[in-house]
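I have a structure here, written as structure tokens, and I will follow up with some questions on it.
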Amino acid sequence: MGFFEEVYEAVKNIPKGKVSTYGQIAKLIGRPRSAKVVGWALHSNPYFGVVPCHRVVNRKGELSGGFAFGGSEIQKKMLEQEGIAFDNMGTINLEKYLWKF
DNA sequence: TAGATGACTAATA
DNA sequence: CTATTAGCCATCT
């Protein structure tokens, strides 16, 4: 289960006020084509309350549909609390908020 | 044990 | 911009 652990470590390192994508995380841990597994790791979310999965969005900056915290509504609120703004399409401006290593 | 599934991405047309 | 395809690997059935 090393892959999941690495995913959680990477996600935990996302600073407040920033977001990251599945692809970025996958690349960070050395599996650039395993974005799906990153999504799986967060879906499973065994570290609820520890891993900030709300800071992880897809490549377009959209929120996850089947969010484990209770829905994308909650996710959006949490992100706004951290100072992340959404555009009129309800997506995040990755140019501004994408976390770069 | 094998096959299908999934919070995805990148390349190609 | 959209549609299709392949790649990844832990779970589920």
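The values are calculated or read from the model by the stated rules, or taken from the named source; none is laboratory data. Note that this is a predicted model, so its numbers are computed, not measured. Using ideal geometry, Cβ is built from the backbone for each residue, glycine included, and neighbour counts are taken over all protein chains shown. Each accessible area value is taken on the protein alone, full model and side chains, heavy atoms only, with ligands, DNA and RNA left out. Shrake-Rupley method; radii C 1.70, N 1.55, O 1.52, S 1.80 Å.
Identify the chymotrypsin sites (Phe, Trp or Tyr not before Pro) of segment A:11-92 meeting these criteria: DSSP loop state and at most 13 other C-beta atoms within 10 Å of the C-beta. Could the numbers behind the result be given before it?
Numbers: sites: A:22, A:40, A:47, A:48, A:67, A:69, A:86; in loops: A:47, A:48, A:67, A:69.
Here the sparse-neighbourhood loop sites are A:48.
Okay, next question. Give me the dipole magnitude in Debye, nearest 20, for chain A about the Cα centre, with unit charges on the beta carbon: positive for Lys and Arg, negative for Asp and Glu. Kindly include the intermediate steps, with their values, before the conclusion.
On the way: 14 positive and 9 negative charges, 54 e Å.
In debye, rounded to 20, chain A gives about 260.
Rounded to the nearest 500, what is the 222 nm mean residue ellipticity of chain A from helices alone, with -39500 (n - 2.57) per DSSP H run of 4+ residues and division by all residues?
On the way: 5 runs with 42 residues, N = 101.
Counting only the DSSP helices, I get -11500 deg cm²/dmol.
Counting every Cα pair in chain A, what percent are over 17 Å apart? Could the numbers behind the result be given before it?
On the way: 2274 of 5050 pairs.
Counting every Cα pair in chain A, those more than 17 Å apart make up 45 percent.
Return the lysines within reach of residue A:96: Cα separation strictly under 19 angstrom, same-chain partners fewer than 8 residues apart disregarded; answer none if there are no such residues.
Answer for residue A:96, where 19 Å is the Cα cut-off: A:16, A:18, A:60, A:76, A:77, listed by chain and number.
Around residue A:89, with a cut-off of 11 angstrom between Cβ atoms, what is the net charge of the other residues, counting Lys and Arg +1 and Asp and Glu -1?
Here the count lands on -1.
I'd like the carbon and sulfur percentage of the solvent accessible area for chain A, probe radius 1.4 Å, heavy atoms only, ligands and nucleic acids excluded.
On the way: 3130 of 6070 Å².
On chain A, the fraction of accessible area on carbon and sulfur atoms equals 52 percent.
Under 20 °C and 1.002 mPa s, how fast does segment A:53-101 diffuse according to Stokes-Einstein, given a Kirkwood radius computed over C-alpha pairs? Answer in µm²/s, whole number.
Diffusion coefficient, whole number: 196 µm²/s.
Would you please name the trypsin sites (Lys or Arg not before Pro) within segment A:23-88 that are DSSP coil residues with at most 16 other C-beta atoms within 10 Å of their C-beta? Provide the component values of the computation, followed by the final result.
Working: sites: A:27, A:33, A:36, A:55, A:59, A:60, A:76, A:77; in loops: A:33, A:59, A:60.
Passing both the DSSP loop test and the Cβ count: A:33, A:59, A:60.
Right, something else. Give the relative contact order (percent, whole number) for segment A:2-97; include only Cα pairs under 8 Å separated by 6+ residues.
Numbers: 115 pairs, mean separation 26.8, N = 96.
After rounding, I find 28 percent.
Per residue, what accessible area does segment A:2-97 have, given a 1.4 Å probe and all protein chains present, in Å²?
Roughly 58 Å² per residue, with all protein chains present.
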